[in-house]
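A.B. asks: This structure is in structure tokens; I'll ask about it shortly.
The values are calculated or read from the model by the stated rules, or taken from the named source; none is laboratory data. Because the structure is predicted, anything quoted here is derived from the model rather than measured. Methodologically, a virtual Cβ is constructed for each residue, glycine included, from the backbone with ideal geometry; neighbour enumeration extends over all protein chains shown. Just so you know, the surface numbers come from the protein's heavy atoms only, side chains and all, with ligands and any DNA or RNA stripped out. Shrake-Rupley method; radii C 1.70, N 1.55, O 1.52, S 1.80 Å.
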Amino acid sequence: MAVVPLRELDELARKLAHERHGSFSERALGRAYEEYLARRRTPLAAFRLRADGREFGTFYDLVADPTAGRETLELVLESPPPAGAAWEFLRPFERVTFAADGGADVVPLGGGAPTHVIARFLLREHYLPRTQDEEDRAASGGPRVTLPTTMRSLPEGLEACRTRGLLPFSVAVLLYFADERVAYELDLARSTLLTDLRAGRVAPARRVPRTARTSWRVDRVIGRGDMPLLAARSLSVLVESQGMTAIEMSHVFGGVRETVDSALQGLAARGFASFDRRTGTYRPRMDAFAPPTAITEAAPSAGSTTHPALRTSVQELIAAADARASCPLCGDPLAPGTRGILCAKCAAEVAAG
């Protein structure tokens with residue numbers, strides 16, 4: 001598949017970032033571009049973009065037009081494979097229409113009624129122009145040239161590219177369905193949709209489904225942009241599992257075990273994962289993504305002698321119950337911040353009985 005040449009990216013960076021994309025930034029862009037191309041992933045299908053009734057050859061052509069994509073953007077797959085192994089961990093689709101309000105309509109593979117979802121874009125590999133002075137300040141402990149957040153709606157993402165000179169090489173399109181969140185990764189340099197990293201490497205039966213609400217909380221943590229890419233990817237995979245070893249995780253990413261293990265240790269140090277020394281298994285700490293009220297409820301009283309492992313288990317159970325967010329009797333969704341297990345209607349009926 002055709003690759004966007006470095007020359008076009010260099011011209012776009014100069015157009016967007018002006019004097020910040022000087023000779024130093026040009027060399028840095030070239031290194032980042034070559035490093036990204038060397039980490040090639042398995043493509044699932046090529047895609048094309050359509051905005052405002054016009055088709056754009058690449059994502060970068062879209063960014064170069066300051067008025068394009070402000071209302072809607074359509075991503076259309078070209079000759080996608082049939083539902084099956086290629087779509088492992090993903091929902092097959094043939095096109096997605098993104099709206100400016102953050103919503104999107106997903107047309108399933110083979111046609112049919114579209115499903116309305118919430119859509120966000122999570123920045124993966126990218127290049128942000130910077131000057132030699134800015135790089136020197138960062139190297140000496142000063143402020144770095146960064147983006148305030150990496151999870152954005154369509155208008156926010158395009159605005160960041162056009163105003164900051166941001167050049168994404170890949171992004172994850174997060175689609176929040178009613179029952180789950182599905183992440184689709186796009187290679188923007190090659191205009192391709194990529195297979196899921198776990199496809200063919202992790203048995204689908206080992207996946208632990210999470211609600212869209214739970215995934216949203218995890219994605220917001222990742223979207224702060226304060227953890228390395230490998231750690232962010234590892235967290236996403238770990239959360240949708242009962243636990244994985246560093247060896248299993250390195251098989252997913254195809255890297256050196258020590259590098260992956262270092263990323264997992266970092267997640268454990270930040271409280272996002274626990275580590276079982278007996279089995280070498282890292283497990284997600286779902287309580288780390290629970291709302292503050294859930295953690296407060298789970299906190300032991302003063303002077304309590306409850307075992308720490310038991311407290312953790314209770315926190316995880318409460319986080320899971322909160323993520324379910326539905327009444328176990330009638331099935332109606334619980335109101336945000338509800339402390340009880342039952343909805344107000346069922347709680348009143350139980351009390352009356």
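A.B. asks: Taking the dipole about the Cα centre of segment 135-193, with the C-beta of Lys and Arg at +1 and of Asp and Glu at -1, give me whichever of GLY142, SER191, ALA160 is farthest to the positive side.
C.D. replies: Positive-most Cα among the choices belongs to GLY142.
A.B. asks: Quote the accessible area belonging to TYR282 in square angstrom, nearest 10, computed with a 1.4 Å probe and with ligands, DNA and RNA left uncounted.
C.D. replies: Counting only protein heavy atoms, the figure is 10 Å².
A.B. asks: Could you work out how far apart the two model spin labels at VAL256 and ARG220 are, taking each label as a point 7 Å from the Cα in the direction of the beta carbon, and quote it in nm?
C.D. replies: 3.7
A.B. asks: Order these peptides, 177-187, 159-169, by their mean beta-carbon neighbour count within 10 angstrom, highest first.
C.D. replies: Numbers: 177-187: 17.7, 159-169: 19.5.
Packing order, densest peptide first, comes out as 159-169, 177-187.
A.B. asks: Measuring from centroid to centroid over Cα atoms, what is the spacing of segment 264-293 and segment 181-219 in Å?
C.D. replies: Going from one Cα centre to the other spans 20 Å.
A.B. asks: Could you check the simple spin-label distance between LEU229 and ARG270, using points 7 Å along Cα→Cβ, in nm with one decimal?
C.D. replies: 1.6
A.B. asks: For a test of the definition: using alpha carbon positions, the gyration tensor, and the 1.5 limit on a/c, classify segment 196-262 as rounded, prolate or oblate.
C.D. replies: oblate
A.B. asks: I would also like to ask the following. Using per-residue counts of other Cβ atoms within 10 Å, averaged over each peptide, order 16-26, 238-248 from highest down.
C.D. replies: 238-248, 16-26
A.B. asks: For segment 1-103, just say rounded, prolate or oblate: build the C-alpha gyration tensor, square-root its eigenvalues into a ≥ b ≥ c, call rounded for a/c under 1.5, and beyond that prolate if a/b exceeds b/c, oblate if not.
C.D. replies: oblate
A.B. asks: Run the accessible area of segment 1-79 with a 1.4 Å probe and give the carbon-and-sulfur part as a rounded percent.
C.D. replies: 51
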